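These notes concern the structure reproduced below.
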Amino acid sequence: MVIDLYSTLQPLIFRLNPETAHSLAIWALKWGLAGFDRVPDPDILAVSLWGKKFPNPIGLAAGFDKDAEVPDAVLRLGFGFTEIGSVTPRPQQGNPTPRLFRLKADHGVINRMGFNNSGLGAARQQLESRHKKEGGCVGVNLGKNKDSPSAVDDYLAGVRELGPVADYLVVNVSSPNTPGLRELQGKQPLRLILSKVFKQLNELDLDSKPPVLLKVSPDLTDEDKSDIADVALEIGVDGLIATNTTTQRPLNLIGKKRDEIGGLSGAPLMQLSTSVLYDFYRLVGGKIPIIGVGGVTSGADAYTKIRAGAHLVQLYSALLYGGPQLVRRIKDDLATLLLRDGFKSVTHAVGADHL
Ligand SMILES: Cc1cc2nc3c(=O)[nH]c(=O)nc-3n(C[C@H](O)[C@H](O)[C@H](O)COP(=O)(O)O)c2cc1C
């Protein structure tokens with residue numbers, strides 16, 4: 001049972017500044033105080049992908065556990081997988097605070113964290129100490145240092161250092177809070193980065209190579225999307241993650257902090273990120289598995305992402321509003337929706353809206 005204390009504690013938690021609340025959540029997870037989900041997942045939720053078995057398709061998105069401090073505690077909450085990072089080669093502080101804002105009335109979040117993290121060495125230590133011990137899928141999201149002279153070299157350092165301990169790797173070129181990062185989604189830089197990443201991975205001579213995924217922004221033109229899809233197919237990227245946060249501000253936002261600079265996530269991102277996911281599924285002809293992320297707050301949202309073309313789904317912001325017991329609720333509701341519509345498994349429903 002995941003402890004249902006969160007709804008009682010939420011008013012208190014919301015009095016803390018959001019970063020303090022986040023540190024408290026990491027602390028609670030470290031000490032086993034955030035709860036457990038001991039109910040086995042129903043078979044209908046199991047997904048097999050990249051030669052791995054996921055007990056359910058709901059994962060924790062990058063940015064929560066940046067330094068891989070609590071991957072196993074996150075899995076014990078009932079997530080089917082988790083993604084640590086973004087990790088940059090050297091530790092960096094990120095942007096000045098305040099840099100994380102709740103948009104309570106919209107169930108949204110704005111952040112301009114700027115890849116605050118403890119660097120590749122620290123993440124490696126954390127992941128080595130757990131690697132292969134408990135099972136479960138832990139992806140590693142790679143970023144670049146703000147002051148790095150070479151983005152390519154930063155991603156290659158990430159592959160060398162964390163490739164051996166990652167269940168999958170993510171090339172993150174889509175965070176809005178590192179100047180110039182999103183320009184790396186252009187055809188030429190993307191082709192260069194991805195081809196070198198695959199070359200580096202091959203040179204590592206690992207028994208099993210982690211799949212390499214590319215995380216994209218929701219703020220892309222049609223031409224950008226089609227270029228990215230072409231490069232992804234050409235290079236043979238193993239997966240896409242759609243999407244990161246948006247710099248757009250929907251006109252119907254009412255939260256007081258809506259004009260803060262940074263990336264918007266949570267409920268107000270659901271429609272935009274799902275339409276980008278839908279576009280990518282079509283552009284790659286369903287040939288590259290996609291993780292759908294952005295604004296998932298319910299089983300119905302997760303189901304919408306799957307029908308739009310997602311094999312797996314992630315969330316982060318909804319946890320602020322729903323607490324850890326949300327994961328169980330989403331899984332139960334998703335299983336009910338799949339059964340209702342006659343799907344034998346998650347995989348059978350992937351891309352159903354394109355038929
Ligand atoms: C505080 C915060 C920090 C984040 N940091 C990262 C990050 O370091 N790397 C990354 O790829 N995405 C990062 N994200 C984006 C999430 O992984 C996710 O793509 C986005 O928040 C949309 O999902 P959501 O609406 O469920 O939160 C961050 C999001 C938030 C809210």
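Below is a table of values for the structure above.
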read-out	value
Residues that are more than 15 Å from the ligand (Cβ to nearest atom) and of a type in the set (Val, Ile, Thr), drawn from the stretch 307-345	336
Unique residue being buried (at least 22 other Cβ atoms within 10 Å of the Cβ) and charged (D, E, K, R) when the list is 161, 183, 83	83
Any hit, the stretch 60-68, residues being more than 28 Å from residue 311 (Cα to Cα) and of a type in the set (Phe, Trp, Tyr)	no
Per-region count, the stretch 32-59, residues buried (at least 18 other Cβ atoms within 10 Å of the Cβ) and more than 16 Å from residue 313 (Cβ to Cβ)	3
Residues (among the small types (Gly, Ala, Ser) and buried (at least 20 other Cβ atoms within 10 Å of the Cβ)) located in the stretch 286-297	292, 294, 295
Wholly enclosed strands (runs of 3 or more DSSP E) of the stretch 94-191 bearing at least 2 residues under 23 Å from residue 227 (Cα atoms) and out of contact with any helix residue (DSSP H, G or I) (no Cβ under 6 Å at 6 or more places or on another chain)	168-172
Test: residue in the stretch 18-26 that is surrounded by 13 or more Cβ atoms within 10 Å (Cβ to Cβ) and in a loop (DSSP other than H, G, I, E, B)	no
Test: residue in the stretch 60-78 that is away from the ligand (no atom under 16 Å from the Cβ), farther than 29 Å from residue 143 by Cα and either touching a residue at least 40 places away in the same chain (Cβ under 8 Å) or surrounded by 15 or more Cβ atoms within 10 Å (Cβ to Cβ) (or both)	no
Tally of residues being within 20 Å of residue 198 (Cβ to Cβ), more than 19 Å from the chain's Cα centre (by Cα) and in contact (Cβ under 8 Å) with a residue 12 or more places away in the chain across the stretch 119-152	2
Any hit, the stretch 230-247, residues being more than 16 Å from the ligand (Cβ to nearest atom) and in contact with a Pro (Cβ under 9 Å, 6 or more places away or on another chain)	yes
Boolean, residue 290 is more than 15 Å from the ligand (Cβ to nearest atom), β-branched (Val, Ile, Thr) and touching a helix residue (DSSP H, G or I) at 6+ places or on another chain (Cβ under 7 Å)	no
Residue satisfying condition, being in contact (Cβ under 8 Å) with a residue 12 or more places away in the chain and within 23 Å of residue 137 (Cα to Cα), within set 264, 277	277
Subset of the stretch 216-229 [crowded, with 23+ Cβ neighbours inside 10 Å and either within 12 Å of the ligand (Cβ to nearest atom) or without any contact (Cβ under 8 Å) to a residue 24 or more places away in the chain (or both)]	216, 217, 218
Close pairs (7 angstrom Cβ cut-off, 6 or more residues apart or separate chains): under 18 Å from residue 278 (Cβ atoms) in the stretch 337-352, at pLDDT 95 or above and assigned to a loop (DSSP other than H, G, I, E, B) anywhere	346/57; 349/343; 350/309; 351/286; 351/309
Criterion (at pLDDT 95 or above and closer than 24 Å to residue 198 by Cα) met by exactly one of 114, 94, 158	158
Qualifying residues in the stretch 266-293 (those that are farther than 21 Å from residue 233 by Cα and small (Gly, Ala, Ser)) - the one farthest from the chain's Cα centre (by Cα)	267
Of the criteria (1) of a type in the set (S, T, N, Q); (2) surrounded by fewer than 17 Cβ atoms within 10 Å (Cβ to Cβ); (3) in contact with a strand residue (DSSP E or B) (Cβ under 9 Å, 6 or more places away or on another chain), which one residue 174 fails	(2)
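The values are calculated or read from the model by the stated rules, or taken from the named source; none is laboratory data. Keep in mind it's a predicted model, so treat the numbers as computed, not measured. We place every Cβ from the backbone using ideal geometry, glycine too, and count neighbours over all the protein chains shown.
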